[in-house]
1. Mind checking which pairs have a first residue in the stretch A:410-424 that is under 21 Å from A:Asn458 (Cα atoms) and in contact (Cβ under 8 Å) with a residue 12 or more places away in the chain and a second that is aromatic (Phe, Trp, Tyr) and surrounded by 11 or more Cβ atoms within 10 Å (Cβ to Cβ), Cβ under 7 Å, 6 or more apart or different chains?
2. Which fully enclosed helices (runs of 4 or more DSSP H) of the stretch B:482-579 have 2 or more residues being not assigned by TED's automatic domain parsing to the domain that holds B:Phe105?
3. Looking at B:Asn366, B:Asn383, which one is touching a Phe, Trp or Tyr at 6+ places or on another chain (Cβ under 7 Å) and surrounded by fewer than 17 Cβ atoms within 10 Å (Cβ to Cβ)?
4. Out of (1) within 14 Å of another protein chain (Cβ to nearest Cβ); (2) on the phi < 0 side of the Ramachandran plot, what's the single condition that is false for A:Ser85?
5. So, A:Val574, is that one crowded, with 17+ Cβ neighbours inside 10 Å, among the aliphatic types (A, V, I, L, M), within 14 Å of chain B (Cβ to nearest Cβ) and over 30 Å from B:Ser575 (Cα atoms) or not?
6. Can you name the residue in the stretch A:428-480 that is of a type in the set (D, E, K, R) and under 20 Å from A:Glu400 (Cβ atoms) and, of all such residues, is surrounded by the most Cβ atoms within 10 Å (Cβ to Cβ)?
7. For the stretch A:211-228, state whether one or more residues are touching a helix residue (DSSP H, G or I) at 6+ places or on another chain (Cβ under 8 Å), within 14 Å of another protein chain (Cβ to nearest Cβ), β-branched (Val, Ile, Thr) and part of a helix (DSSP H, G or I).
8. Which numbered condition trips up A:Lys237, out of (1) touching a residue at least 24 places away in the same chain (Cβ under 8 Å); (2) part of a helix (DSSP H, G or I); (3) farther than 24 Å from B:Pro102 by Cα; (4) not hydrophobic (A, V, I, L, M, F, W, C)?
Protein chains: 2
Amino acid sequence: MRSFNFFGRFCSAFHDYPSLSKIIVVSTLSGGSLIAYAEANTNNSNRGHVAHADAITSNSIAHADANTSKKKKVVVLGTGWAGMSFLKNLNNSTYEVKVVSPRNFFVFTPLLPSVTCGKVEARSIVEPIRNIIRKKNINVSYCEAECIKIDPANKKIYCRAARATLNTNSKQGEEFAVGYDYLIIAVGAQVNTFNTPGVEGNCHFLKEIEDAQKIRKNVIESFEKASLPNLSEEERKKILHFVVVGGGPTGVEFSGELRDFVNEDVLKLYPTVQHLVKITVIEATDHVLNMFDKRITKFAESKFLRDDIDVKLGSMVTKITENEISTKAKGSDKTTSMPYGMVLWSTGIGQRPLIKDFMKQIGQGNRRALATDEWLRVEGCDNVYALGDCATINQRKVVEDIAEIFKRADKDNSGKLTVKKFTEIMDDVIARYPQVKLYMKSKRVRNFVDILTEAKGNAAKETIELSIEEFKTALSVVDSKMKNLPATAQVANQQGAYLAKCFNRMEDCEKNPEGPPRFRGTGRHRFHPFRYRHLGQFAPLGGEKTAAQLPGDWVSIGHSSQWLWYSIYASKQVSWRTRALVVSDWIRRFIFGRDASGI
Amino acid sequence: MRSFNFFGRFCSAFHDYPSLSKIIVVSTLSGGSLIAYAEANTNNSNRGHVAHADAITSNSIAHADANTSKKKKVVVLGTGWAGMSFLKNLNNSTYEVKVVSPRNFFVFTPLLPSVTCGKVEARSIVEPIRNIIRKKNINVSYCEAECIKIDPANKKIYCRAARATLNTNSKQGEEFAVGYDYLIIAVGAQVNTFNTPGVEGNCHFLKEIEDAQKIRKNVIESFEKASLPNLSEEERKKILHFVVVGGGPTGVEFSGELRDFVNEDVLKLYPTVQHLVKITVIEATDHVLNMFDKRITKFAESKFLRDDIDVKLGSMVTKITENEISTKAKGSDKTTSMPYGMVLWSTGIGQRPLIKDFMKQIGQGNRRALATDEWLRVEGCDNVYALGDCATINQRKVVEDIAEIFKRADKDNSGKLTVKKFTEIMDDVIARYPQVKLYMKSKRVRNFVDILTEAKGNAAKETIELSIEEFKTALSVVDSKMKNLPATAQVANQQGAYLAKCFNRMEDCEKNPEGPPRFRGTGRHRFHPFRYRHLGQFAPLGGEKTAAQLPGDWVSIGHSSQWLWYSIYASKQVSWRTRALVVSDWIRRFIFGRDASGI
């Protein structure tokens, strides 16, 4: 909790002294304190569990060099946040790691919307995976191919090399197999069109760097097209009607970027058509940014109103044709259509074909994503791990294990649980079921015992005695706070780091398990279950204003959070190269504006 | 000649004190002296003819504002060197200028080879044409479309809007007509495949920024493919065999860039395949860089030998298939084939379909390029100008006009020409026929009269008397030095500046012509004919070594000319934005190496 408290205090300092932010930006840009803080923070997330990791690793290296043939093969699928984070944190040389991905670089996805209008260059937010690999002292190789089938029975995956740019020679498209001892699936997700007709082929997405480049080119092209001499006013308006489907952080940030581009650069470059630009955001629910605090939602909506961005709430897109987009208001049967020039579809995520097939194969066919246990192991599959957007943790409910917990606590088999008895196993319960901590935090409960006293009508602690039924009722509230983790970079990053730390100490924890005791079986779990720590979330709204939702119910909106955003995003870059490039892009944009070349 | 002498002395200073170069780079990077020099140099190229331009322009602006309807329409086709230079130098507001090009940006083409391997980013060498336009005080608009037909009879061009990235709506592909009073054709050229089978579809070209991006992606892909697990040594070698067809500056520079990339970055990123790389340069003539001084050619060939770049001289490519490239040695009938991974075709230029059609239309069907007179006016077409790679100047021979020149000089109709008589018209002849100056420079003749004395066996000047036949024989040597200007950025740039200056003073020179007297007719030509001043040429050879051929037979090879290259190319950038970007790219590469992300 150290990092959490630090962060909380840090944020409150911003509230009281907004000018602090500038100092921090300066120190960030000069490679100073905040970067050091941010890096330390990531590395510490699960530091509690891996105190001896370094010592063990150095032993392992010596051990491994003597026995290279014994190295266990770890295959990592994907070079996104989860895969990169796993690789960056892995430092156990007893593994032979092979990374398989059709994309030979990592993308800093939170800056993708910045690329769409030229605030940041595409190349500034990518880092070749081989650059990350070659800095490691362990045996890691990379292979530019797409995994097309997983065969967990034979511990093999089948891959296909990516297609070439120009001609088709050079063994492209050939398939090959790779064996594994451990498989780590971190392939991410793809855009979900919800089978809406016309989305494919007419809409832009914003998942990959190429998407952002295409959008940038298309935005410029739209202004060029609208400036052609032989068009009516109506046609120009149509070309310059930008529609964003989905009022989540991506859609909102793109709208803000586009509005900034129009206000700052289009004004100078395309003065004759600037007034014809229209931006529409279509959102199916009642509010944009609905995963954020209500204050942020309200601010975003009123800012968009001022910025002349049309927000259509409670609207579903039913169909998209070459020229028109059709929507239906919630609870109404009437479909309205409007002409558009460009649509960005940013509604939600779906699973890739590889994952869909694999889920069918292992009997998870009707789930939303690959189900894993709290240790990120795919359910029903040995030695296969899944993390990031392609997986969800299928967390065990406390209520499911209530009989075992009761039995373990009720050492004298009296059938009654006192507070004293419960206190003895309380820490184990908290360690095994991450949702307990989450519940306590959300309810601001300081002590787990308070849940029991509350169930008994706030009786005095000493007098409480619960039967198994009463105990079940008391703890059932705890499971109510359980929900799937969001599909964010932050989750994937933490999962990758967690899993790497497990792998770093795999052998050691086999012998000396460090996890909580097994309530259903005997002995202890090898590791602590994965626990997500929410460090806050940003929603840039354009006009150098950002909404930030920080832990501890802190909300910060405006210019100071924009500076905080600059600081954090600069510090979180995976390499000094990208950090230098991103910062210099920001400076370049301040000085020269955005580049409007159609490349 | 002032600039020429300055340049010569400047270069000799480099020879004597190589460390000077570093001082100049520093002053360049800080926006200092050399930039000022380089800019002044460009602007001065034809300054002799346009001394009063500024004064006239300011009058014109006042005049034009009162009579906008009278503005003459100038249509410029193309946004390359010639078009950009014309626009940058035009400052007469009595015109209404419309630029038509499918490419809304200017590309600094000399740095294209640097983009292929990531020394410089694509976006750093492009400048939106609208940025160039909006800095002008005159009426210029831009239209992103391709001219598909020129109708000189009706003074109209037909255009088609460029195709869109995503869907096909928004009036894309529709045609429209644009009328003109003056048409300036500066569309450049395209790659010439010499109808070699298989070139299209299997080869990369290097004319446009997209080509350079594709090559970069393909180079990275080649290394990724060659690193796949399921290949034989033979297959890896094939994938990593890079073939360059054409040993001109582009081909040679690309080979050098690729060799640098392999030595500096591939070593770190793809250590397992680095030794398998092979680079082959195929050149049809007997030497690479054959337009350069022999010392440079020799140095380049021996450097390539040391760098393990295989140079096949006197070899013609006969066919390219998906897997093999076939060549035939000069004077032999035997065809040999070799497997390859990637081919760059950089042999020569051909005309675009638009120009081919237009040439047929105006009866120039069997020429190599659009023929213009010395004032860049297309022959047989009123008010149409052509410049850059799509045009050649069809220079009038002195011998063709010999009778008129003789008659003009022989004022007393004696049938004999003395040196005194000739001296009186000498300057007019030099002004009218640019090849005279060229001949004198190449032969190091200081005085035109020396040509006459030489023809008379170095007789004493006073005694010389020539008949018309003797005069013709004496001057015939002058035409021998006539040749087409090279298809370089330097020529296009100077032509654009020259034409802009003519347009700036068009009205004024109509009344007070400033050109040489017409020998065939009466009166004077409106303007001086275009005269090309060769300012030198670079051939970067890789390994931070560049060969520079400078005016006055100066040749400089090695690290110091590399620094000169950095200085000149930084100073010649069209905007401070691209200058800052290019310089920061160079610095970035020094610090972090090249980016190997496959985007």
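The values are calculated or read from the model by the stated rules, or taken from the named source; none is laboratory data. On a predicted model such as this, the values are computed, not experimentally measured, just so you know. Positions of Cβ are backbone-derived with ideal geometry, glycine not excepted, and every protein chain shown enters the neighbour counts.
1. Every condition considered, the pairs that remain are A:Leu417/A:Phe406; A:Leu417/A:Phe471.
2. Values: elements: B:489-504, B:506-511, B:559-571.
Hits in the stretch B:482-579: B:559-571.
3. Details: B:Asn366 fails: touching a Phe, Trp or Tyr at 6+ places or on another chain (Cβ under 7 Å).
That would be B:Asn383, the only listed residue that is touching a Phe, Trp or Tyr at 6+ places or on another chain (Cβ under 7 Å) and surrounded by fewer than 17 Cβ atoms within 10 Å (Cβ to Cβ).
4. (1)
5. Values: crowded, with 17+ Cβ neighbours inside 10 Å: yes; among the aliphatic types (A, V, I, L, M): yes; within 14 Å of chain B (Cβ to nearest Cβ): yes; over 30 Å from B:Ser575 (Cα atoms): yes.
It is true that A:Val574 is crowded, with 17+ Cβ neighbours inside 10 Å, among the aliphatic types (A, V, I, L, M), within 14 Å of chain B (Cβ to nearest Cβ) and over 30 Å from B:Ser575 (Cα atoms).
6. Taking the stretch A:428-480 first, the residues of a type in the set (D, E, K, R) are A:428, A:432, A:437, A:441, A:443-444, A:446, A:450, A:454, A:456, A:461-462, A:465, A:469-470, A:472, A:479.
Okay, now just the ones that are also under 20 Å from A:Glu400 (Cβ atoms), so A:428, A:432, A:437, A:469-470, A:472, A:479.
Values: A:Asp428: 18, A:Arg432: 23, A:Lys437: 17, A:Glu469: 10, A:Glu470: 16, A:Lys472: 16, A:Asp479: 17.
The residue in question is A:Arg432.
7. So far as the stretch A:211-228 goes, yes, one or more of its residues are touching a helix residue (DSSP H, G or I) at 6+ places or on another chain (Cβ under 8 Å), within 14 Å of another protein chain (Cβ to nearest Cβ), β-branched (Val, Ile, Thr) and part of a helix (DSSP H, G or I).
8. The failed condition is (3).
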